[in-house]
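In what follows, a structure is listed as structure tokens, so that the remarks can point back to it.
The values are calculated or read from the model by the stated rules, or taken from the named source; none is laboratory data. Remember, predicted model here, so these are calculated numbers, not experimental data. Every residue, glycine among them, receives a Cβ derived from its backbone with ideal geometry; neighbour counts consider all protein chains shown.
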Amino acid sequence: MSVAFGVIGLLMLFWFGSAQALEHAQVVCEVRTMGKTYWVDANPTLDRYHVAATPVSKRFRFRLLVSGTEQRIDSIKIDVQATTERQPILVHQATLLPPFAPVPALLNGENRVYSPEYERELWYRCQLGPTPTEAVSLRQRLSNQTTDDPTAPPPKRVAARDTEPSVSMLFAGDIMLDEIPGRLIKRGRDPLAAVAKQLAGADIRIGNLESVVSRVGQAEPAKPYAFRAHPRVLPILARHFDAVSVANNHTGDYGSLAFADMLAKLRSAGIQAFGGGTNLASAHRPLIFERNGLRIALLGYNDFMPRSFEADTDKPGSAWASEADIRADIRTARSEYGAHLVIPVMHWGVEYEPFANPHQKELAHLMIDAGADAVVGGHPHVTQDIEIYRDKLIVYSLGNFVFNGFNTVSTRTGWLLRLKLSPEGVSDWTILPVRLDRSGRPKLLLGYR
Ligand SMILES: [Zn+2]
């Protein structure tokens, strides 16, 4: 049986003391699925690497690893495995390293793991307590905070009181506007009508444009799929998106002339592009949004062949995900463009693989280490796992968003990622799963708003 999973994660820890001066620190997690609640706790004073694991219904296994000593916690790792007929597979992973503060956001939410194959959701949240004796009161405190069964309808989010400026940013996965979506637009229809409200509700809306938009150029002979959308799709795209990444394996399908033509057409339609440009320097230039005094830089990179689509000193094309360039671009976004936040948008991974591979993880960690505030990816046509690394969010793949030609549940399930950004980083995030119909049009899954 081939099993593909999507994962929704959101992790929350309430911090009661400083990371350096904890005594008898202990982590308690409340886990719910299918109407039942499970408790998992781990205490590093019992064991330098304390692992607590428990089966959670027939579908999942929840594992918590806390390493540390009486004086301090060195790391908290959480993973959720889905139970399959063959073997358990990892569907969610979060790694938290000190200092756990000062971005409380990623540590004070609800974590949700969603499997598109089973359509089952696991929900959890954890707290860190200073002494094991408080474990019971922690459980009580957690229990008092929840009255709903979160695994039935999606949990209602309690809006944090805003004391500082915040900006909402929405990320959509792969958008292909050739073929059926293109024909729908030709007939005056809007393939994004069913998600228009969600898109309109965000301050900044970003997608990955997985087709060139032009009437010129020749299809690359070596490519099995070449997508070229008619420029008539641009008003629809402009209606729903502020900017698109052009760093992917399809914007070059009709050559660099068509690519350059697309850049000009996007600009005149009022859509900004990033991750590509008329030459190498502009392909690596960050796209800056300024909202409520917050300057946010977006960078886009393609990490999937062919490399022939790459920009060069005198050739239009996309930005390639070279490690040295990524590090330099993140640094430049802050130093020269005055960005408060930097978010790389990646095109990477293996198609139909439900989990990020070691190369993706290495690149994502490199970006966070270089100063990125979050990393958002796509390309595999399915959603992939979510990781929290050094307190920063990594969503490895958002899956498809507008794309016909797919027939499985996992390839027809995509995510809209909603980020709340504050000067300190990502202060909250939510995933809205969508299901694509036969024509490749997204619609929110039942219960999501
Ligand atoms: Zn792709």
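For Lys186, which of the numbered conditions (1) surrounded by fewer than 20 Cβ atoms within 10 Å (Cβ to Cβ); (2) without any contact (Cβ under 8 Å) to a residue 40 or more places away in the chain fails to hold? Among (1) surrounded by fewer than 20 Cβ atoms within 10 Å (Cβ to Cβ); (2) without any contact (Cβ under 8 Å) to a residue 40 or more places away in the chain, Lys186 violates only (2). Here region 246-263 is the region considered, the condition is being in a helix (DSSP H, G or I) and not hydrophobic (A, V, I, L, M, F, W, C), and the residue that is farthest from the ligand (Cβ to nearest atom) is Asp261.
Could you check region 327-342 and list, in sequence order, the residues that are free of Cβ contacts under 8 Å to residues at least 60 places away in the same chain and within 20 Å of Ile388 (Cα to Cα)? Working first, answer last.
Here is the first cut: in region 327-342, the ones free of Cβ contacts under 8 Å to residues at least 60 places away in the same chain are 327-339, 342.
Correct list: Arg327, Ile330, Val342.
In this structure, is Ser75 assigned by TED's automatic domain parsing to the domain that holds Gln93, out of contact with any Lys or Arg (no Cβ under 8 Å at 6 or more places or on another chain) and among the small types (Gly, Ala, Ser)?
Numbers: assigned by TED's automatic domain parsing to the domain that holds Gln93: yes; out of contact with any Lys or Arg (no Cβ under 8 Å at 6 or more places or on another chain): yes; among the small types (Gly, Ala, Ser): yes.
Here the answer is yes, as Ser75 does meet what is asked.
Per-residue answers, yes or no, for (1) surrounded by 21 or more Cβ atoms within 10 Å (Cβ to Cβ); (2) part of a strand (DSSP E or B); (3) not assigned by TED's automatic domain parsing to the domain that holds Gln272:
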residue: Gly207; (1), (2), (3): yes, yes, no
residue: Gly217; (1), (2), (3): no, no, no
residue: Ala222; (1), (2), (3): no, no, no
residue: Val233; (1), (2), (3): yes, no, no
residue: Ala238; (1), (2), (3): no, no, no
residue: Val244; (1), (2), (3): yes, yes, no
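Of all the residues in region 405-449, those that are surrounded by fewer than 21 Cβ atoms within 10 Å (Cβ to Cβ) and in a loop (DSSP other than H, G, I, E, B) number 15.
I'm trying to understand the selection: among the residues of region 264-322, which are among the polar types (S, T, N, Q) and part of a strand (DSSP E or B)?
Kept after step one, since they are among the polar types (S, T, N, Q), are these residues of region 264-322: 268, 272, 278-279, 282, 292, 302, 308, 313, 318, 322.
Matches in region 264-322: Gln272, Asn302, Ser318.
Test Ala321 against the stated conditions and say whether it is within 16 Å of the ligand (Cβ to nearest atom) and small (Gly, Ala, Ser). When the stated conditions are applied, Ala321 passes them.
Here's the yes/no breakdown for (1) surrounded by 15 or more Cβ atoms within 10 Å (Cβ to Cβ); (2) modelled with pLDDT of 75 or more; (3) part of a loop (DSSP other than H, G, I, E, B):
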site: Gly6; (1), (2), (3): yes, no, yes
site: Leu10; (1), (2), (3): yes, no, yes
site: Trp15; (1), (2), (3): yes, no, yes
site: Ala21; (1), (2), (3): no, no, yes
site: Val31; (1), (2), (3): yes, yes, no
site: Trp39; (1), (2), (3): yes, yes, no
site: Val51; (1), (2), (3): no, yes, no
site: Arg63; (1), (2), (3): yes, yes, no
site: Val66; (1), (2), (3): yes, yes, no
